[in-house]
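My structure is below; once you've seen it, I'll send some questions.
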Amino acid sequence: MRAEPMSCLRPTPERAASFASLPYDVFDRRSAAAYVEAHPDSFLAIDRPETAFPPDQDMYAPEVYAKAAELLRARAQDGTLLRDATPCYYVWRLEQGGHAQTGIACACAVDEYLDGTIRRHEGTTAAKEADRIEHIRATGAQTGPIFLCYRDNYAIDVLVRAATQASPLYDFTDGEGVRQTMWRIARPAAVEALRACFQTVPCAYIADGHHRAASAVHLSLERRRADGRPEGACAKGDERPYDLFLSVLFPASQLRVLPYDRVLFDTAGLTPEDLLRGLGQAGFDLMGEGPSFAVPGARHEFGLFVGGSWHGLRLRDHETLPEGDPVARLDAGILQDRVLGPLLGIDDPRTSERIRFVGGVEGTGRLEELAGAGGAAFSLFPTSVGELMAVSDAGRLMPPKSTWFEPKLRSGLLIRRI
């Protein structure tokens, strides 16, 4: 695959910690406004420009995206941002709670997204794509990195270790307790060595950032049409900046996937006894009751909080699930197809207002709080990176909200102009 060095805007070391922010899509509108009010100089003001307007402002109006461009220009002019004129790679390490992962920030090719070298496991929605398309179009920049992974490569590991022996560009701990450290690879011989190593990697997988990737690709094809260029693969020597997109590539073995749980605000009129009985009829065995069952210990096991108690569930026929169908074996899909849809009436979890998804490290206490006395919560065993790769390799898609990767990349540390 191709992983190209790039020239980026980035904050000065003195301003990096206060400027960088969590990705735009981990905030709802209210929490984004609250964060920007508390951190007015953060990148989130650019990433979520509606925060500069009254709450009733149409957040997708042209003037909102124009505000993002205005704020980005202002940060480039007031000394917050500097530009690395020479294309280079950036080594980006994230450390949290004893876990560490180190990736390479680079530019990946739109053509490799289109031909399947960069593989997907999640669908996208037109409305979310349109938002990021307009943001890129207005700012002329890719501002949120796509989080990719690849099967481990020893030669790349050696080059990364060598790069981390130098003094870092950034080294700070963010508001979520994640230590963010970044180094720059600019020496021509080292750049060429890393580029050559990635050419031996057969494919990469989108772990997080499907909408950002799809938006970058959409805009690239749009620009190709406007420039009178074919939409097919770029001819050698005819590549433009918009034919690449901002990415960070991590070795698969270093990634940490956390549970992505489900909370229902009601039980569709079922009593706890009715729900447990229905689960038995749907193919689940009750393992026991009590707090020890709140966190599943293995794939195809689930925790259920209802009526003030936790119950452990195990899929009865898990050993007979089809080996050749990676989607049919996913716990998120099993729960949706056997329980949430038929028993609880959640036919489309992407649009239902009766369900909420809770990912990351919030813990089972948060699930209990959200479910309350009249709802229910299901805790899941984390989807593995191997399962993600198997689904992507098969050209299939996972059910919505199947994976939660943490720690997350901060936005604003690297901004790629197109």
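The values are calculated or read from the model by the stated rules, or taken from the named source; none is laboratory data. Please read all numbers here as calculations on a predicted model, not as lab measurements. Reconstructed Cβ throughout: ideal geometry from the backbone, glycine too, with neighbour counts over all protein chains shown.
Does Arg256 satisfy being touching a strand residue (DSSP E or B) at 6+ places or on another chain (Cβ under 9 Å), at pLDDT below 95 and either surrounded by fewer than 20 Cβ atoms within 10 Å (Cβ to Cβ) or of a type in the set (S, T, N, Q) (or both)?
Here the answer is yes, as Arg256 does meet what is asked.
Shifting gears a bit: Does the range 11-52 hold any residues that are under 16 Å from Arg179 (Cα atoms) and among the small types (Gly, Ala, Ser), and which are they?
Of everything in the range 11-52, those that are under 16 Å from Arg179 (Cα atoms) and among the small types (Gly, Ala, Ser) turn out to be Ala16, Ala17, Ser18, Ala20, Ser21.
Wholly within the range 256-372, which strands (runs of 3 or more DSSP E) include no fewer than the required count, namely at least 2 residues that are under 30 Å from His99 (Cα atoms) and not basic (Lys, Arg)?
In the range 256-372, 260-264, 301-306, 309-315, 355-359 are the strands (runs of 3 or more DSSP E) which contain 2 or more residues that are under 30 Å from His99 (Cα atoms) and not basic (Lys, Arg).
Please note which helices (runs of 4 or more DSSP H) are completely contained in the range 1-58 and include at least 1 residues that are modelled with pLDDT of 95 or more, among the hydroxyl-bearing types (Ser, Thr, Tyr) and touching a strand residue (DSSP E or B) at 6+ places or on another chain (Cβ under 8 Å).
Answer list for the range 1-58: 29-38.
Taking Ala68 as the residue in question, decide whether it is touching a residue at least 60 places away in the same chain (Cβ under 8 Å), assigned by TED's automatic domain parsing to the domain that holds Arg240, touching a strand residue (DSSP E or B) at 6+ places or on another chain (Cβ under 6 Å) and not β-branched (Val, Ile, Thr).
Judged against the criteria, Ala68 is not a match.
Could you tell me whether Thr124 is hydroxyl-bearing (Ser, Thr, Tyr) and in a strand (DSSP E or B)?
So Thr124 does not fit the description; no.
If a residue has to be within 30 Å of Val178 (Cβ to Cβ) and touching a helix residue (DSSP H, G or I) at 6+ places or on another chain (Cβ under 7 Å) to count, how many in the range 325-354 make the cut?
The qualifying residues number 2.
Same structure, new question: With the condition kept exactly as written, say whether any residue in the range 201-221 is surrounded by fewer than 23 Cβ atoms within 10 Å (Cβ to Cβ) and free of Cβ contacts under 8 Å to residues at least 24 places away in the same chain.
No, there is no match, as no residue in the range 201-221 is surrounded by fewer than 23 Cβ atoms within 10 Å (Cβ to Cβ) and free of Cβ contacts under 8 Å to residues at least 24 places away in the same chain.
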